[in-house]
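Before any comments, here is the structure.
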Amino acid sequence: MRESSNPAFSSLTKTVARGQAGAHHYGQQQYGPGGYGPGGYGQDPYGQGAYGQEQYGAPQQMQDARPMTVDDVVSKTGITLAVIVALAAVNFAIAQFVSLGLSMMLTIVGAIGGLIMVLISTFGKKFGSAPVTLTYAVFEGLLVGGVSFLFAGFNVAGSNGFALISQAVIATIGVFAGMLWVYKSGAIRVTPKFTRFMMAALIGVVVLMVGNFLLAFFTGMSPLRDGGPIAIIFSLVCIGLAAFSFLLDFDQADKLVRAGAPATYAWGVALGLAVTLVWLYIEILRLLSYFRD
């Protein structure tokens with residue numbers, strides 16, 4: 001199983017791959033019609049397929065758990081996004097009607113807390129944990145609400161901030177749906193070469209972001225985020241990378257379902273999709289704010 005460039009999926013797929021490796025070593029029917037070799041993906045997750053009880057090389061929780069389904073992924077992702085939207089609305093309302101300072105403090109807490117939750121999920125092997133994913137959603141909701149107010153505000157620059165946010169939300173949903181269609185239709189296939197390209201591009205973007213942050217901190221200049229032509233181009237690049245990252249996320253989720261990964265892993269898939277969705281939304285909102293200003 002190829003490793004995803006999404007940090008929330010990276011550790012998840014490594015663990016599933018180890019489970020498959022153990023099953024391959026000990027399973028007696030691994031290369032038959034129910035195995036992972038020429039015969040295809042396991043069709044009997046409770047027997048000697050991907051995570052059956054007779055595959056002693058797989059982790060015990062994989063052997064005992066119900067296999068993950070697409071419905072699990074959809075429901076867990078929906079719950080995660082609902083929590084993000086609810087907390088975003090709360091923090092936006094705090095900024096608008098209570099205290100901008102308090103809202104910005106919550107936004108910073110959300111940014112740091114969200115990052116910590118992703119690190120815990122990735123390196124702490126908590127990708128199947130509902131509390132970790134939902135805690136991430138709470139923090140990320142605070143971040144999204146504060147960032148939305150900063151970029152859109154309310155009646156800023158003579159335009160209604162809610163209209164700008166609505167446009168960003170619609171555009172995010174549209175990109176998500178479009179990339180899902182692209183993946184399902186096979187118009188763009190997730191190959192090892194494509195994965196390596198995306199990994200290199202994402203690393204490059206992170207390096208540029210860090211460099212721009214340091215430049216802004218020491219000199220006050222922020223060419224990648226000042227709303228100028230370079231900033232617009234950079235935002236378009238980020239939006240493009242976030243969109244294509246969905247293909248990697250869909251591919252990893254599809255492989256986990258086919259591999260018969262435990263149903264609890266759907267929480268890890270939900271976290272990974274939420275990370276990409278939030279990044280895409282913020283970049284689209286940022287780009288729209290450039291044109292408005």
Applying the gyration tensor rule to the Cα atoms of the range 103-241 (axes a ≥ b ≥ c; rounded if a/c under 1.5, else prolate if a/b exceeds b/c, else oblate), the class is rounded
Taking the alpha-carbon centre of each part, the distance from the range 119-134 to the range 250-293 in Å is 15 Å
The range 74-117 and the range 216-242 have their Cα centres apart by a whole-number Å value of 24 Å
A student asked for the Cα radius of gyration and Dmax of the range 208-281 in angstrom ought to give 17.0, 52
Excluding ligands, DNA and RNA, the carbon-plus-sulfur percentage of the accessible area of the range 192-293 with a 1.4 Å probe reads 78 percent
Residue 237 and residue 189 label points (each 7 Å along its Cα→Cβ direction) are spaced in nm at 2.9 nm
Of every hundred units of 1.4 Å-probe accessible area on the range 65-137, the number belonging to carbon and sulfur atoms, as a percent, is 81 percent
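The values are calculated or read from the model by the stated rules, or taken from the named source; none is laboratory data. Remember, predicted model here, so these are calculated numbers, not experimental data. Every residue, glycine among them, receives a Cβ derived from its backbone with ideal geometry; neighbour counts consider all protein chains shown. Surface accessibility is based on the protein's heavy atoms, side chains included, excluding ligands, DNA and RNA. Shrake-Rupley method; radii C 1.70, N 1.55, O 1.52, S 1.80 Å.
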